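Worksheet: the structure to be examined is printed underneath.
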Amino acid sequence: MRNGLILLVILFSSCSQLVKNESMEEKFSQYALYANKAELCICENDLGQAKKYYDTLFDIDIKAHAREKYNYGILSLKLGDTLGAMNLFEELYQKKYSGRYPYIDKFKSTYKQSETSKADETLFEESKEILRTDQIANGKKLFDNEEYFRVVMLNVGKIKKILIKLKASNETSYSINTSALFLPILHYFQFKGVKKAMDKKPSFTKKFPIYKHLETETVDDPELEKLLKECMYNGDLGRYTYAHLNSMVGMETGKTVQHQYNSYSMVNCPEKMKDPIIDKLNATRKQLCLENYKDYYKKAVYVSKKLYDGQIFPSLEVGIEASENYSKRREDYRNRENFLICSNYAMTFQFNNDEHAKNAAERHRQTFYKNN
């Protein structure tokens with residue numbers, strides 16, 4: 001009888017935890033839904049309605065992400081609420097987000113001075129050390145990929161310890177978003193993607209013998225991925241960053257709207273794309289709590305206009321000098337008063353000659369575009 005009661009308690013605890021996790025995911029989905037609605041209103045310059053959506057979003061019982069706080073701060077400035085904007089910008093500054101949102105540095109002389117706790121400093125330093133070991137191994141990966149893999153997986157264990165500490169802390173200035181952990185985590189997902197490709201195609205190692213050592217290795221770490229998802233729900237990992245990590249294992253989201261093949265430029269406009277591809281992208285985006293591709297495309301158009309003074313999806317420039325000018329424009333854009341409503345939407349491919357580039361562009365058109 002006693003054993004039966006213990007079993008019931010365990011089952012009840014497990015079910016309660018499952019309901020709790022589902023509830024958090026449901027809340028986050030609602031949060032992301034209202035964030036999308038607000039950003040679409042920004043694209044249409046309907047700032048009053050955008051504010052209403054943000055107000056609804058902040059009422060949801062979930063920790064607000066830095067992205068939404070920053071956008072709401074910019075919105076507050078535009079609507080005349082300077083004090084509200086400064087409060088949000090100061091909070092982001094204290095949590096080390098000025099590297100991600102350089103515009104908030106403009107007002108740092110008005111912010112109160114605060115010190116990072118020793119516990120948080122320790123987490124930041126541990127993250128830097130993980131990145132340091134990762135980069136040393138990464139620099140030698142072409143000569144010793146087996147050692148590179150060993151270091152990546154060893155760092156996974158260290159990263160999990162940090163995330164467990166983060167999970168246990170209610171008030172902290174530390175988050176994955178502002179730490180040095182992105183690349184070490186990305187490299188885990190890259191190895192997972194390679195392993196998946198190996199399992200799918202037995203001939204993979206003949207083409208890429210450098211990865212042969214992975215044939216007997218297990219790359220999956222469900223505990224790390226569970227912790228990362230929880231970090232996303234709790235605002236310590238951006239949803240677009242989380243989606244980018246998962247894209248390494250084949251979860252294609254269509255985050256690249258514009259493709260450049262030397263002098264050939266192609267834009268993935270949803271109205272021109274094949275329906276099955278749009279459906280697949282939308283299914284993946286929904287799974288990762290992102291807006292649908294059509295909405296994402298609207299935001300990419302908005303950002304393109306802002307970045308290029310009204311020009312939609314200009315051809316990306318190739319060549320060293322042109323690339324430097326392009327990078328400078330993007331940096332200037334980041335430092336201005338701008339909403340952050342779209343992640344990366346452009347990619348450049350450089351080929352030896354335009355004929356090769358033209359062929360690649362044609363293959364892309366045949367893959368993604370409707371026949372019309």
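If you go through the range 193-216 and keep only what is under 27 Å from Ile176 (Cα atoms) and of a type outside the set (Lys, Arg), you end up with Gly193, Val194. Counting only residues that are more than 28 Å from Tyr333 (Cα to Cα), more than 17 Å from the chain's Cα centre (by Cα) and not β-branched (Val, Ile, Thr), the range 273-315 holds 7 of them. In a residue-by-residue description of the range 60-68, the property of being of a type in the set (Gly, Ala, Ser), under 21 Å from the mean Cα position of the chain (by Cα) and in a helix (DSSP H, G or I) applies to at least one position.
Hey, does the range 236-247 have a residue that's polar (S, T, N, Q), farther than 19 Å from Lys165 by Cα and in a loop (DSSP other than H, G, I, E, B)? Looking for residues that are polar (S, T, N, Q), farther than 19 Å from Lys165 by Cα and in a loop (DSSP other than H, G, I, E, B), one finds none in the range 236-247, hence no. Of all the residues in the range 98-111, those that are outside any helix (DSSP H, G or I), within 17 Å of Tyr72 (Cα to Cα) and over 21 Å from the mean Cα position of the chain (by Cα) number 0. Determine which member of the set Gly254, Gly250 is in contact (Cβ under 8 Å) with a residue 24 or more places away in the chain, surrounded by fewer than 17 Cβ atoms within 10 Å (Cβ to Cβ), small (Gly, Ala, Ser) and within 23 Å of Ala197 (Cβ to Cβ). Going through Gly254, Gly250 in turn, the sole match is Gly250. Just give me the residues in the range 195-223 being touching a Leu at 6+ places or on another chain (Cβ under 9 Å) and either crowded, with 19+ Cβ neighbours inside 10 Å or outside the structural domain of Ile159 (by TED's automatic domain parsing) (or both), in sequence order. Answer for the range 195-223, where residues must be touching a Leu at 6+ places or on another chain (Cβ under 9 Å) and either crowded, with 19+ Cβ neighbours inside 10 Å or outside the structural domain of Ile159 (by TED's automatic domain parsing) (or both): Lys195, Met198. Among the residues of the range 276-299, which ones are free of Cβ contacts under 8 Å to residues at least 40 places away in the same chain and either assigned by TED's automatic domain parsing to the domain that holds Ala243 or charged (D, E, K, R) (or both)? Residues satisfying the conditions are Asp279, Lys280, Lys286, Lys294. Of all residue pairs spaced 6 or more apart or on separate chains, those with beta-carbon atoms under 6 Å, a first member in the range 341-356 that is closer than 19 Å to Arg239 by Cα and a second member that is hydroxyl-bearing (Ser, Thr, Tyr) and at pLDDT 90 or above are Ser343/Tyr240. Cβ-Cβ distances below 7 Å connect the following pairs, each with a first residue in the range 326-337 that is without any contact (Cβ under 8 Å) to a residue 12 or more places away in the chain, a second residue that is surrounded by 11 or more Cβ atoms within 10 Å (Cβ to Cβ), and a separation of six or more residues or different chains: Tyr326/Leu316; Tyr326/Glu317.
For (1) in contact with a Ser or Thr (Cβ under 9 Å, 6 or more places away or on another chain); (2) part of a helix (DSSP H, G or I), each residue gets a yes or a no:
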residue	(1), (2)
Glu39	no, yes
Lys51	yes, yes
Leu57	no, yes
Asn71	no, yes
Leu77	no, yes
Leu83	yes, yes
Lys96	yes, no
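When each of Thr178, Thr172, Thr133 is tested for being crowded, with 18+ Cβ neighbours inside 10 Å and within 24 Å of Thr122 (Cβ to Cβ), the lone residue that passes is Thr178.
Restricted to the range 157-181, and to residues there that are over 12 Å from Asp236 (Cβ atoms) and part of a helix (DSSP H, G or I), the residue that is modelled with the lowest pLDDT is Ala168.
Any residue at all in the range 324-342 that's under 20 Å from the mean Cα position of the chain (by Cα) and under 19 Å from Ser247 (Cα atoms)? Within the range 324-342 (the criterion being under 20 Å from the mean Cα position of the chain (by Cα) and under 19 Å from Ser247 (Cα atoms)), the answer is yes, since at least one residue qualifies.
The values are calculated or read from the model by the stated rules, or taken from the named source; none is laboratory data. What you see is a predicted model; the values in this text were computed from it and never measured. Cβ atoms come from the backbone with ideal geometry, glycine included; neighbour counts cover every protein chain shown.
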